[in-house]
Ligand SMILES: Nc1nc2c(ncn2[C@@H]2O[C@H](COP(=O)(O)OP(=O)(O)O)[C@@H](O)[C@H]2O)c(=O)[nH]1
Ligand SMILES: [Mg+2]
């Protein structure tokens, strides 16, 4: 990697999930230079540091993604100045509710127009959130149109267990896993890691189709093997694994992660995906514990099973421009921003 110091990398959290994940990521040592947040709800940003844009939203109505997009119009200049100067913008949002689904595609478009390479990281709804699937599917498709790369993260795959947990526990658990995976992928060079570097991450995700990021940990005898296969199973639930063309595998453990284990993981990846021609990069971080966490970022998937969430996806004739809606009676808010 030759130009890491001159590259301005921005991570932008959108909505409640996006803000929490990016804020947690900001506490890790990574290649991200700058952190920023956009949301409708000030309480998302209480303990968050960095640039912030809060969209004025009515609190007495159930918001929808098109409403939030409409309400964001007066803030477009502010949003554009957040992304100003960034060469690479990672947009992180949970999809399925109003803010992330509504704003992530707009922000990704603004960032792309400002000249940044834009990669969106889409956190998809839990299985129990069936009602959120429609908006999540629509937003994912829009992100694909407005970003150079889209990385799909499945909320269910981030959980080790859900029995007896509160929603806050689920979010905390999922965020810890997501941040560990993103942090290891975007790790800086240090004594405790052999990072993969920004160029390879971007080269992997800036491809046609979708990328998936999945991770799993194991402490068993065959921990690398077991974690690796669980991470791949996480992807196989939502995509056709044999479509994978590029992959990065990151092993995070203690100083006992051996070269042999790493080599085995790299060698076996192609056959586990059923895609022998896949090109594989790897990285190792020795800052973990006795368990091994394996993160797999794979790209080249032509579609995802989330497309089934979006009944419009199959109707090619439909007008596909982004809809902005402004509630009647709310037009005045446009000028309060
Ligand atoms: N992993 C994770 N998912 C979250 C978190 N908060 C919300 N979600 C999920 O993200 C999706 C969108 O929710 P949320 O971010 O609250 O909506 P928004 O604020 O309107 O964008 C839903 O599927 C939530 O279950 C979080 O902190 N971590
Ligand atoms: Mg919210």
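Every number in this text was worked out from the coordinates using simple rules, so none of it is lab data. These numbers come from a predicted model, not from an experiment. Here Cβ is always computed from backbone atoms with ideal geometry, including for glycine, and neighbour counts include all displayed protein chains.
Shape call for region 116-206 from the C-alpha gyration tensor, a ≥ b ≥ c root eigenvalues: rounded (a/c under 1.5), prolate (a/b greater than b/c) or oblate?
Oblate is the answer for region 116-206, as a/c is 1.5 or above yet b/c matches or exceeds a/b.
Can you put 229, 43, 190, 72 in order, fewest other beta carbons within 10 Å first?
Fewest to most other Cβ atoms nearby, the residues stand as 43, 190, 229, 72.
Strictly greater than 29 Å: what percent of every Cα pair in the chain meets that?
35 percent
For residue 113 and residue 271, FRET efficiency with R0 = 41 Å and r from the beta-carbon atoms, rounded to 0.05?
0.45
As I understand it, the value is the acute angle between the Cα axis of helix 133-146 and the longest principal axis of the Cα atoms of the chain; what does it come to in degrees, rounded to 10?
80 degrees
Which of rounded, prolate or oblate describes region 22-155 when judged by the alpha-carbon gyration tensor and an a/c cut-off of 1.5?
Because its axes are fairly even, with a/c under 1.5, region 22-155 counts as rounded.
Say a paramagnetic label sat at a point 7 Å from the Cα of residue 279, along Cα to Cβ; which residues of region 184-221 have their backbone N under 11 Å from it?
200, 203-204
Classify region 160-297 from the C-alpha gyration tensor, please: rounded if a/c falls under 1.5, else prolate or oblate depending on whether a/b exceeds b/c.
Rounded, because the longest to shortest axis ratio a/c is under 1.5.
Working from Cα positions, state the angle (0 to 90°, nearest 10) between the long axis of helix 223-236 and the longest principal axis of the chain.
So the inclination is approximately 40 degrees.
List 302, 62 from most exposed to least, where exposure is judged by having the fewest other Cβ atoms within 10 Å.
Final ranking by Cβ density, sparse to dense: 62, 302.
Just from its helices, what would the mean residue ellipticity at 222 nm be for the chain, if runs of 4 or more DSSP H residues each count -39500 (n - 2.57) and the sum is divided by every residue, rounded to the nearest 500 deg cm²/dmol?
Result for the chain, helices only: -10500 deg cm²/dmol.
Pick out which of 113, 225, 46 has the largest mean-square fluctuation in a Gaussian network model of the chain, springs linking Cα atoms closer than 10 Å.
46
Have a look at 63, 185, 71 and tell me which one the Gaussian network model of the chain (Cα, springs below 10 Å) gives the largest fluctuation.
The residue with the greatest mean-square fluctuation here is 63.
Using the count of nearby Cβ atoms within 10 Å as a rough guide to exposure, how do 99, 241 rank from fewest to most?
241, 99
Expected output is a single nm value to one decimal: the length gained when fully extending between residue 59 and residue 131, i.e. 0.36 nm times separation in residues minus the C-alpha distance. What is it?
Result for the pair: 23.8 nm of gain on full extension.
Could you tell me how many degrees, from 0 to 90 and to the nearest 10, lie between the Cα long axis of helix 259-273 and the main elongation axis, the longest principal axis, of the Cα atoms of the chain?
60 degrees
Could you work out how much longer the chain between residue 163 and residue 47 gets when fully extended? Use 0.36 nm per residue separation minus the Cα distance between them, nm to one decimal.
38.9 nm is the gain from fully extending residue 163 to residue 47.
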